[in-house]
Structures are given as structure tokens and as C-alpha cells.
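First comes the structure, then the notes that go with it.
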Amino acid sequence: MAKVVSLRDAVAELVPDGASVAMGLQMEQMIPFAAGHEIIRQKKRGLTLIGPISDILFDQAIGAGCVEKVIAAWVGNVMMGSAYNFRRAVEQNQIEIFNMTNFSVALALQAGAMGVPFLPTRTALGSDTTRGHPFFHPMVSPFEPKESLWAVRALNPDVTIVHVQRADRDGNAHCWGNFGVMIEGVRAAQRVIVIAEEIVDSGVIRSDPNRTVIPGFLVNAVVESPYGAHPSPVQGYYKRDDAFFRQYHEQTKTREDNRAWLNRWVYGISGREDYVNQLGACRLGDLTVKQHAYAAQADFGY
């Protein structure tokens with residue numbers, strides 16, 4: 001059964017209030033901003049956001065009042081530093097923060113994907129990151145030598161949302177570039193939404209099985225959303241919009257500024273198509289790939 005739905009329907013059905021949502025799993029690229037904006041537009045509440053480096057997406061959801069908890073290694077504006085909504089929320093105790101490292105987020109999601117309650121690690125030994133932390137528990141290796149380790153608790157998001165280059169109607173998805181912890185996040189989740197730059201014929205996906213990093217049987221909904229990761233980059237489609245990150249930093253310094261920004265880029269438009277139209281053809285033209293670098297053909301014959 002084909003799983004193609006609108007972004008509005010995918011978020012309405014699969015992201016209930018109070019859900020734990022993993023996004024921004026591919027570090028600084030392919031961040032599902034379109035999905036995040038739809039979550040904000042539908043005024044979801046009480047969410048727990050999970051991700052290593054979400055760039056400004058988590059900040060936007062926090063500024064819109066959607067978030068109750070954050071499980072992350074870093075939240076901010078990678079290009080500019082601090083993110084004002086996140087900082088205000090932390091300083092005023094409006095959200096609960098579980099400060100992880102990038103590697104411990106990966107371990108937690110990997111444990112969830114494997115169906116085990118924790119994974120042992122040496123990471124963070126000697127660090128105060130683990131102090132009083134509910135995701136870390138001291139343990140001793142049962143084997144020789146009896147070394148001290150940390151047990152990192154598994155994470156199983158209620159829903160994982162990822163952005164990829166292309167997928168078919170059944171959710172089989174091709175992705176290339178930096179995966180980050182996307183694969184772990186997909187396999188650990190209860191539900192999965194795949195946002196694709198384009199939905200292609202299943203024959204295109206079958207032509208390169210090694211690039212099919214997300215199998216359709218794990219996917220609940222597939223959404224076609226060109227420029228759905230803007231302002232983050234999608235390799236082979238468009239580059240990072242550095243100016244947009246600078247402008248966001250300047251335009252969200254106060255609550256009033258942030259409200260105006262959300263009204264312009266989220267609440268004041270009906271969806272991603274309007275968002276793209278607001279960006280304008282000239283800006284999009286500047287972001288599109290100018291120098292193509294295609295992979296060599298691979299022969300899967302037998």
C-alpha cells in the first residue's frame with residue numbers, strides 16, 4: 001500500500017501532543033525544517049525533541065511553545081553561536097534539558113534500534129556530563145579486566161522524521177551524504193516519517209539497492225517536499241543558505257522579534273510551497289547545484 005500523504009496529514013496523524021520526536025539526525029545537513037514548521041503550525045505541545053545537532057530547528061520549535069524537554073548534544077545556530085529562544089527557555093526554566101554528547105546520543109539510539117536497554121561505553125569517563133544524568137549509569141565490565149564503564153540508556157523515539165533526496169511511494173528511500181545517526185534513529189523509532197525532495201518510481205530505487213538506506217517496511221508516511229530541508233543543505237540538490245541563518249539570528253533576539261519571524265515564515269503561510277515562493281526564484285537559483293559530481297555507474301548484473 002502506497003504511503004504518500006501530505007505533510008499536514010503526516011504530522012497530524014503521527015505526531016501527537018506529548019510525543020518524543022527525533023529530528024536533525026544528519027547533523028548540519030538535511031534537517032527536516034518543513035516538518036518542523038508543520039509541527040509548529042499545528043501547535044503541537046509537550047514534545048520531547050531528540051537529536052545531536054539540530055541547528056535552528058529546535059530553537060524555532062522551542063520559541064513556538066511546542067517543547068517540554070530536549071535530549072541533545074547541542075542546540076543553537078551553528079553558524080552564529082547562541083540561539084535566543086533556547087537560551088531564554090533554559091534561563092527561565094521553561095524546558096527540561098538532558099545534556100548528551102554526540103556519541104552518547106548515537107549510542108542511545110543504537111541501543112533502541114537493537115532492542116537492548118543500554119549499551120556500555122568508555123565515553124564521558126572523567127567528564128561531569130554524566131553527573132546526576134538519568135541516561136548514564138555506572139557499571140563494571142563483567143569480563144577481565146574489570147574496568148569501569150558507563151551504561152547509556154536506550155532511546156526509542158515515538159516518531160523519527162528524516163529528510164532524504166528521494167523515495168518511492170512505499171517509503172524505500174535513497175540518501176547520500178552524511179548520515180549522522182539517521183539510520184539508528186529510524187530503526188529505534190515507533191513511527192517514521194520520510195520527507196523526500198522527490199518521489200520517484202520504484203524502479204529508480206531498485207536500480208541502486210545499496211543506496212536504499214531506509215527500507216519501506218519501517219516507514220509510516222512518505223511526503224514529497226522540494227526544498228523541505230531549507231535552509232540546511234541537501235547534497236546534489238541545493239547548498240546551505242548561510243544568509244538565512246544570519247538573518248534568523250538577527251531577527252529572533254527578542255520574544256517580539258521571534259513572534260514576527262514565526263508569523264512571516266510559519267504561521268503566515270499555508271505550507272512549504274508558499275514558503276518556497278516567499279524565498280523567491282533568485283534566491284533558490286543561487287542555492288542550486290552549479291557543479292555536478294556524479295558517481296560512476298555500478299553494474300549489479302549477474
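Readers should treat all values here as calculations from the given coordinates under stated rules, not as data from a laboratory. Just so we're clear, the structure is a prediction, and the values are computed from it rather than from any experiment. Reconstructed Cβ throughout: ideal geometry from the backbone, glycine too, with neighbour counts over all protein chains shown.
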Distance (nanometres) between label positions extended 7 Å along Cα→Cβ at residue 282 and residue 190 = 4.8 nm
query = Between 119, 149, 109, which gets the highest mean-square fluctuation from a Gaussian network model of the chain, Cα cutoff 10 Å?
reply = 149
request  = Note down, for the stretch 1-107, the three equivalent ellipsoid semi-axes (square root of 5 times each alpha carbon gyration tensor eigenvalue), biggest first, whole angstrom.
outcome  = 22, 16, 13
query = Per the Debye formula with a single identical scatterer at each Cα and no solvent contribution, what log10 I(q)/I(0) holds for the chain at q = 0.10, 0.12, 0.13, 0.15 Å⁻¹?
reply = -0.55, -0.79, -0.92, -1.19
ask   = Treating the beta-carbon of each Lys and Arg as +1 and of each Asp and Glu as -1, no other charges, what is the dipole magnitude of the chain about its Cα centre, to the nearest 20 debye?
value = 420 debye
inquiry  = Taking the Kirkwood radius as the inverse of the mean 1/r across Cα pairs, report the Rg/Rh of the stretch 1-56.
reply    = 0.97
query = What's the FRET efficiency of residue 125 with residue 178 using the Cβ-Cβ distance as r and R₀ = 25 Å, to the nearest 0.05?
reply = 0.40
ask   = Taking θ as phi - 60°, what are the ³J(HN,Hα) couplings along the stretch 113-122 by the Karplus curve (6.51, -1.76, 1.60), each to the nearest whole Hz, with x for Gly and Pro?
value = 5, 7, x, 10, x, 6, 10, x, 7, 8
ask   = Hey, what did the chain get for relative contact order, percent, Cα under 8 Å, at least 6 apart?
value = 20 percent
query = Roughly how many Å is it from the Cα centre of the stretch 225-250 to that of the stretch 146-187, as a whole number?
reply = 21 Å
query = How many lysine pairs are close in the stretch 1-157, with Cα atoms under 29 Å apart and the two 8 or more places apart or on different chains?
reply = 4
inquiry  = If I take every Cα pair under 8 Å that is 6 or more residues apart in the stretch 172-302, average their sequence separation and divide by the length, what percent do I get for the relative contact order?
reply    = 22 percent
Gain upon complete extension [residue 291, residue 92; 0.36 nm per residue less C-alpha separation] = 67.0 nm
request  = Subtract the Cα-Cα distance of residue 8 and residue 263 from 0.36 nm times their separation in residues, and report this length gain in nm to one decimal.
outcome  = 90.0 nm
request  = Compute the normalised compactness of the stretch 134-179: alpha-carbon radius of gyration over 2.2 N^0.38 Å, N being the residue count.
outcome  = 1.98
By average C-beta atoms within 10 angstrom, highest first, the peptides 210-219, 56-65, 226-235 = 56-65, 226-235, 210-219
note = For the stretch 59-75, in residue order, the Karplus 3J(HN,Hα) values (coefficients 6.51, -1.76, 1.60; θ = phi - 60°; whole Hz; Gly and Pro = x) are 4, 5, 5, 5, x, 8, x, 8, 10, 10, 9, 10, 10, 7, 8, 6, 10
ask   = Using 0.36 nm per residue, how much length does the chain from residue 206 to residue 273 gain when fully extended, once their Cα-Cα distance is taken away?
value = 21.2 nm
ask   = Which peptide among 6-13, 168-175 comes first, and what is the full order, when sorted by highest mean count of other Cβ atoms within 10 Å?
value = 168-175, 6-13
remark   = Rounded to one decimal in nm, the spacing of the 7 Å Cα→Cβ label points at residue 17 and residue 251 is 3.0 nm
